[in-house]
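> For reference, the structure I am asking about is given below.
The values are calculated or read from the model by the stated rules, or taken from the named source; none is laboratory data. Since this is a predicted model, take the numbers as computed values, not measurements. For accessibility, only protein heavy atoms count, side chains too; no ligands or nucleic acids. Shrake-Rupley method; radii C 1.70, N 1.55, O 1.52, S 1.80 Å.
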Amino acid sequence: MRTLFLTSSGLNENTSDVFWKCINKDPSDTKVVFIPSASIRNDSAKEGIAVCVERLMNMGIPFENILIYDLSLLISAGCQLPRT
């Protein structure tokens, strides 16, 4: 079973407890897709990503099980793709 756990403020002590209750897996078997929604164009936002990844690793989730999904790779609504 897959579980979708959404939070707008990352994981803290309160939300991490709820996270583990929802996930119900061993940390070493847990895979995370981290989607930073704040702009990652400034240094403080980039540092925030590093803090969140470190927090996930401190929770026991292996680094190789953490995927950072870059929303800037999405195609904008007005984009015209070339026809093949």
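> Which residues, counting only those in the range 1-31, are modelled with pLDDT under 85 and among the aromatic types (F, W, Y)?
Correct list: empty.
> Being open to solvent by less than 70 Å² (accessible area, probe 1.4 Å), modelled with pLDDT of 75 or more and not in a loop (DSSP other than H, G, I, E, B) is the filter here; which residues of the range 33-84 pass it?
The answer is F34, G48, I49, A50, C52, V53, L56, N65, I66.
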